[in-house]
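Asker: Handing you this structure, nothing more for now.
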Amino acid sequence: MESRKAIIIGAGIGGLSLGIRLQSLGFSTTILEKLDAPGGRAYVRKVVQQDGVWSEVKQRAPLEPNQGFTFDMGPTVITVPHFIEELFALEQGKAMLSTPDYPAHVLGENARVREGNSGGEQTSKYVQLVPILPFYRIYFDDGTFFDYDGDPISTRTQIKALAPEDSAGYERFHADARAIFERGFLELGYTHFGDVGSMLKVVPDLLKLDAVRTLFGFAKKYFSNPKMQQVFSFETLLVGGNPLSVPAIYAMIHFVEKTWGIHFAMGGTGALVNGFVKKFEELGGTLRCNAGVTSISLKNELGAEPVGRFSRRIAKGVTLEDGSSLEADLVVSNGDYANTYMKLIPSKYRTWNSDAKVKISPQSMSLVVVYFGFKADGLETNLKHHNIILGPRYEELLKDIFGRKILAKDFSQYLHIPSLTDPSLAPVGHHVAYTLVPVPHNGSRLDWELLGQPFVDKILRFLDERGFIPNLRERLVYQSFIDPDYFATTLSSYLGNAFGPEPILIQSAFFRPHNRSEDIERFYMVGAGAQPGGGTPSVMMSAKMTARLIAEDFKIDSSILG
Ligand SMILES: Cc1cc2nc3c(=O)[nH]c(=O)nc-3n(C[C@H](O)[C@H](O)[C@H](O)COP(=O)(O)OP(=O)(O)OC[C@H]3O[C@@H](n4cnc5c(N)ncnc54)[C@H](O)[C@@H]3O)c2cc1C
């Protein structure tokens, strides 16, 4: 029997993870990616020297070791490695949709891998993961820092030194964050909240755990020292959440990291993306790049064009930028939630995801990310692989970014130097780095053509003058940057959001876009724009949740669900 055809729009980590899962379920899957290479937010910028000038090269193959600068443009902090292991373990007819998600051996504080290869047996065939310690070095504006490594003893010692008044608070925070992690992640992580009933069932628990107040409010309950309040709330910024407004359920991130560690894919996150593509293709899937989708084709049950939103609307395929079309039994979008609905499906076919609803849904913030390569000779620095450099203001800066939507004079940043772990990513004697600065999304109407380069200069000057990378401006051999316009145009994200719909209470669980469309039959969403949300582990979870819904809708033989 000919296998059923699936189309996935977008080759981000969510789209690729779902592609692997659909192949294991017996679908014949084509992933259509508008860019020239897969990865989405995890696209790789490769820069080599040609005729004395450092410039970007477009090629699918990785650079030779030390041939040039390899920049992971997006995710760098890899968590929950067994999600990756599960994807690499899938086979046609072995879908592992009902297996336990958390093998006992990876649970528990002492199970965190501290050295060597932290990928499992299957992962190691495709990519090498290594643990990173500390997880983050968090610098405060007065020059002091906190090494967050998930180890309770070192955490206690550092709190005692920096904020002794908060030692007891940490113990209470730890216990309460663990309870949130156990209920919110281990037990409910994969729940697809498709109806109000599913949501109502968990509300009493969330109230009991105090997980609906804001994360920053939650942190303030336990810590009186502003430094500790920041250390135990900043992490949601890495998935687009404002600590001042995300619900405290996100305190689970602290525990997710602590339980399974933070890892790096040798060769960069791009090596993980390439591993996913290889696995997908080995299972028989097809990836087509330079294949932007312009619309989703809809039919009614008779195979004719539907008459508005009151007749059945079934996704039957897509039309591409070159005017060609492809048919399929189901279509999934891994693209931005708002733009998927507003640009690919005419409004006359949508009720639940109407333009009005989509437009008022708050979007996560955007970013300026500066990619730079610099000479390492004689460099003395305290920097680690992952560095958070907090500015002088925390709450007010967050209000500027998310609320007032203005470009503040000060900034906080996340500085990533992967060549400290994998020197092959830069030419010999050089480092490769990026620094990421949260800024308002394009609802701000800031003109990035005008503001971009001066802002970047200011960031690099700061790193130099404040001694993070002494003489950076003389050392610099390459720099480029992206801003909200890149997210809006290249990645087709509404208002240039960097992480999808903002993860606030009214856009979480049932209130977050659903993975099975309410408007269109056989149409699904996967990735940061859908449930459970943004971040690489979440989009892998999203792929499993969407695969479960598809298996249910297509009544897939339970013997292969595994
Ligand atoms: C700078 C940055 C740093 C980050 N750091 C981390 C981190 O350290 N750890 C972490 O866990 N998370 C991190 N994140 C978040 C994480 O990267 C994302 O949540 C995740 O990668 C999103 O994956 P996705 O599959 O949902 O979508 P995306 O990666 O956005 O992929 C969607 C794809 O769909 C394609 N597409 C869109 N529309 C169309 C169309 N019409 N036709 C064809 N293709 C289309 C796009 O081109 C894109 O390739 C970071 C994000 C950014 C931006």
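Asker: What is the number of the single condition among (1) in contact with a Leu (Cβ under 7 Å, 6 or more places away or on another chain); (2) in a loop (DSSP other than H, G, I, E, B); (3) farther than 28 Å from Ile417 by Cα that Tyr190 does not meet?
Answerer: Condition not satisfied by Tyr190: (1).
Asker: So Gly527 clears everything in (1) buried (at least 24 other Cβ atoms within 10 Å of the Cβ); (2) in contact with a Lys or Arg (Cβ under 9 Å, 6 or more places away or on another chain) except one condition, right? Which one?
Answerer: (2)
Asker: Going by the conditions given, is Ile520 assigned by TED's automatic domain parsing to the domain that holds Asp329, more than 20 Å from the chain's Cα centre (by Cα), of a type in the set (A, V, I, L, M) and surrounded by fewer than 22 Cβ atoms within 10 Å (Cβ to Cβ)?
Answerer: No; evaluated as a whole, the condition is false for this residue.
Asker: Of the residues Asp141, Asp101, only one is under 20 Å from Thr536 (Cβ atoms), acidic (Asp, Glu) and either at pLDDT below 90 or away from the ligand (no atom under 16 Å from the Cβ) (or both); which?
Answerer: On the way: Asp141 fails: under 20 Å from Thr536 (Cβ atoms).
Being under 20 Å from Thr536 (Cβ atoms), acidic (Asp, Glu) and either at pLDDT below 90 or away from the ligand (no atom under 16 Å from the Cβ) (or both) holds for just one of Asp141, Asp101, which is Asp101.
Asker: Right, something else. Given the criteria modelled with pLDDT of 95 or more and surrounded by fewer than 20 Cβ atoms within 10 Å (Cβ to Cβ), does Thr191 qualify?
Answerer: no
Asker: Here's another thing I want to ask about it. Of the residues that sit in the stretch 306-335 and are in a loop (DSSP other than H, G, I, E, B) and touching a helix residue (DSSP H, G or I) at 6+ places or on another chain (Cβ under 6 Å), which one is farthest from the ligand (Cβ to nearest atom)?
Answerer: Arg313
Asker: Give the number of residues within the stretch 59-77 that are more than 16 Å from the ligand (Cβ to nearest atom) and among the hydrophobic types (A, V, I, L, M, F, W, C). Walk me through how you get there before you give the answer.
Answerer: From the stretch 59-77, those more than 16 Å from the ligand (Cβ to nearest atom) are 59, 61-69; that's our starting set.
When the remaining residues are screened for being among the hydrophobic types (A, V, I, L, M, F, W, C), the result is 61, 63, 69.
Matching residues across the stretch 59-77 total 3.
Asker: A further question follows. For the stretch 243-270, give me each residue that is away from the ligand (no atom under 15 Å from the Cβ), crowded, with 22+ Cβ neighbours inside 10 Å, not small (Gly, Ala, Ser) and not in a helix (DSSP H, G or I).
Answerer: Selection gives Pro243, Pro247.
Asker: Every residue in the stretch 388-398 that is in a strand (DSSP E or B) and either more than 15 Å from Asp464 (Cα to Cα) or in contact with a Pro (Cβ under 9 Å, 6 or more places away or on another chain) (or both), please.
Answerer: Matches in the stretch 388-398: Ile388 only.
Asker: From Phe462, Phe481, Phe499, Phe487, which residue is out of contact with any Ser or Thr (no Cβ under 7 Å at 6 or more places or on another chain), surrounded by 21 or more Cβ atoms within 10 Å (Cβ to Cβ) and aromatic (Phe, Trp, Tyr)?
Answerer: Phe481
To keep it simple, each residue is scored yes or no on (1) free of Cβ contacts under 8 Å to residues at least 24 places away in the same chain; (2) more than 18 Å from Arg309 (Cβ to Cβ); (3) of a type in the set (Phe, Trp, Tyr).
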{"site": "Ser347", "(1), (2), (3)": "yes, no, no"}
{"site": "Thr351", "(1), (2), (3)": "no, no, no"}
{"site": "Lys384", "(1), (2), (3)": "no, yes, no"}
{"site": "Leu390", "(1), (2), (3)": "no, yes, no"}
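Asker: Give me the pairs: first residue in the stretch 1-17 and among the hydroxyl-bearing types (Ser, Thr, Tyr), second residue part of a loop (DSSP other than H, G, I, E, B) and within 16 Å of the ligand (Cβ to nearest atom), beta-carbon distance under 8 Å, and six or more apart or on different chains, which are they?
Answerer: Pairs found: Ser17/Val526.
Asker: Please verify whether the stretch 292-305 includes one or more residues that are assigned to a helix (DSSP H, G or I), surrounded by fewer than 18 Cβ atoms within 10 Å (Cβ to Cβ) and away from the ligand (no atom under 15 Å from the Cβ).
Answerer: Checked against the condition, which is being assigned to a helix (DSSP H, G or I), surrounded by fewer than 18 Cβ atoms within 10 Å (Cβ to Cβ) and away from the ligand (no atom under 15 Å from the Cβ), the stretch 292-305 yields no hits at all.
Asker: Take the conditions without any contact (Cβ under 8 Å) to a residue 40 or more places away in the chain and either part of a helix (DSSP H, G or I) or under 30 Å from Asp410 (Cβ atoms) (or both) and apply them to Asp142. Does it pass?
Answerer: Yes, satisfied.
Asker: Right, here's the next one. I'd like the residue in the stretch 22-50 that is touching a Ser or Thr at 6+ places or on another chain (Cβ under 8 Å) and of a type in the set (D, E, K, R) and, out of all such residues, is farthest from the ligand (Cβ to nearest atom).
Answerer: Lys46
Asker: For the stretch 507-533, which residues satisfy the criterion of being within 12 Å of the ligand (Cβ to nearest atom), at negative phi and touching a strand residue (DSSP E or B) at 6+ places or on another chain (Cβ under 9 Å)?
Answerer: Across the stretch 507-533, the qualifying residues are Pro513, Asn515, Met525, Val526, Ala528, Gly529, Ala530, Gln531.
Asker: Next question, about the same structure. What's the number of the condition Asn300 fails, among (1) at pLDDT 95 or above; (2) more than 30 Å from Asp176 (Cα to Cα); (3) polar (S, T, N, Q)?
Answerer: Failed condition: (1).
The values are calculated or read from the model by the stated rules, or taken from the named source; none is laboratory data. Just so it is clear, the model here is predicted, and its values are computed rather than measured. Note that we place each Cβ from the backbone using ideal geometry, even for glycine, and neighbour counts take in every protein chain shown.
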